[in-house]
Structure formats: structure tokens, C-alpha cells
Amino acid sequence: MKKILVPFALALTLVVLAPAAFAGSAPANLNLSATVINNCTISTTAVGFGNYDPLSGAVNNASGTVVIACTKNATPSITLGNGNNFLVNRRMTDTTNFMNYEIYQPPTTVAGAACTWVTPVRWGTIVGETFTPTASPGKAARTYNVCGQIAAGQDLAAATFNDTVVATVNF
């Protein structure tokens with residue numbers, strides 16, 4: 001009985017694994033498509049001015065960053081809002097008093113260019129204040145310095161002052 005089952009099992013295995021016989025075949029094209037969308041992301045690091053001495057007569061400069069990553073060849077522009085306490089000037093507050101400050105663009109559109117504060121250009125939301133880096137060479141993130149400055153000689157009591165500015169990348 002075992003001698004009969006072994007050849008039968010072997011024959012059944014060959015029939016199951018054998019390729020199917022076809023009478024013919026017909027080709028058809030399968031089209032594929034995808035659309036690359038323009039996209040950018042943005043993140044920031046704070047401008048930390050540290051200590052401010054109203055008696056020193058010197059401005060207080062500090063920098064933070066804006067980091068963008070965009071689709072290859074995207075032409076982004078970056079705006080910075082006026083902050084929560086704007087009234088003629090950008091202002092930080094301790095909830096009672098105000099400290100004037102300003103934010104400037106880096107001196108060039110080269111990623112990583114250091115702040116110089118020489119002939120600074122205000123960084124804002126209107127024409128002439130919008131920062132426009134070169135077209136994105138690829139999707140890698142690019143970092144741009146945000147150049148902050150507190151005006152000298154403000155008559156302020158000791159306190160901690162803060163503000164929040166919205167950074168926006170348009171593409």
C-alpha cells in the first residue's frame with residue numbers, strides 16, 4: 001500500500017506545481033502617474049537677547065533661526081509678523097511695560113549667513129520686508145539667521161520681557 005501512495009503523491013505534486021497550459025496571451029499597458037506638489041515646512045529657534053542694561057547706552061543684538069525645507073525648485077518667501085504687542089514698533093512686554101525691539105533679515109540670501117546689523121533690512125510681512133531666499137536646490141533643510149536688536153537706552157524697570165512673532169513660509 002505504501003508503494004502505491006508514494007508514486008501517487010509524487011504525481012499529484014507534479015500536477016499541482018506544473019504551469020497551467022494557456023491557449024494564448026494578450027498584452028495591455030498599465031499606466032502610472034504621480035504629481036509632485038510644491039510644499040515647504042518651517043521651524044524656528046528663539047532669539048534670546050539675554051540681559052539688557054538700560055544704563056549701558058548700547059544696543060543689544062542677538063540672533064535666532066528660521067529653518068525651511070521645500071520641494072526642489074520651489075521659490076519660497078519668508079515673512080515675520082509684527083508680534084503680539086506691536087504699536088508703531090515691535091515690542092516685548094512684562095504684561096505692564098513695553099520694550100522696543102526689531103528683527104532684521106540676514107545680510108544675504110545664502111543659508112547660514114551671519115547677522116551683521118550693518119544697513120539692516122526690517123523683516124516683516126509687507127513688500128520690501130519679505131525675505132526671499134534663492135530657489136530650493138533640493139529638499140534639504142536650509143537655515144537662515146534672524147537678526148534681533150533691542151534699542152539702547154530704554155527706561156525700564158527690572159523684569160522679564162517676551163513676545164511671540166509668527167514666521168510664515170510662502171511657496
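Taking the chain as a Gaussian network of alpha-carbon nodes connected by springs under 10 Å, the highest mean-square fluctuation of the residues VAL67, VAL36, VAL110 belongs to VAL36.
Under 1.5 on a/c is rounded, so check that first for the stretch 43-82, then, if it is not, pick prolate when a/b is larger than b/c and oblate when it is not; a ≥ b ≥ c are the square roots of the alpha carbon gyration tensor eigenvalues. Judged from the Cα gyration tensor, the stretch 43-82 comes out prolate (a/c at least 1.5, a/b above b/c). Estimated from helical segments only, the mean residue ellipticity of the chain at 222 nm is -3000 deg cm²/dmol, where each DSSP H run of four or more residues counts as -39500 (n - 2.57).
For volume of the Cα convex hull per residue in Å³, the value calculated from this model appears in (i) 258; (ii) 174; (iii) 266 under label (i).
Modelled spin labels at SER33 and THR71, positioned 7 Å past Cα toward Cβ, are 1.5 nm from each other. Note on exposure: PHE22, PHE131 ranked by accessible area (1.4 Å probe, complete protein assembly) read PHE22, PHE131, with the most exposed listed first. Note on surface exposure: VAL127, VAL169, VAL88 rank VAL127, VAL88, VAL169 by accessible area, highest first, 1.4 Å probe. Computed from Cα atoms, the angle from the helix 2-17 axis to the main principal axis of the chain rounds to 50 degrees. With K and R counted +1 and D and E -1, the other residues having a Cβ less than 13 Å from that of ASN38 yield a net charge of +2. For PHE171, the solvent-accessible surface computed with a 1.4 Å probe is close to 110 Å², ligands and nucleic acids excluded.
Quick one: pull the percent of accessible area on the stretch 19-89 belonging to carbon and sulfur, 1.4 Å probe, ligands and nucleic acids left out. Spell out each step's value before the answer.
On the way: 2750 of 5110 Å².
About 54 percent, which is the carbon plus sulfur part of the accessible surface.
Measuring nothing but how far apart in sequence close Cα pairs (under 8 Å, 6+ apart) lie, relative to its length, the stretch 25-171 scores a relative contact order of 36 percent. Solvent-accessible area per residue in the chain equals 67 Å², computed with a 1.4 angstrom probe and all protein chains kept.
The values are calculated or read from the model by the stated rules, or taken from the named source; none is laboratory data. Small disclaimer: the values here were computed from a predicted structure and weren't measured. Note that we place each Cβ from the backbone using ideal geometry, even for glycine, and neighbour counts take in every protein chain shown. Heavy atoms of the whole protein, side chains included, go into the accessibility calculation; ligands, DNA and RNA do not. Shrake-Rupley method; radii C 1.70, N 1.55, O 1.52, S 1.80 Å.
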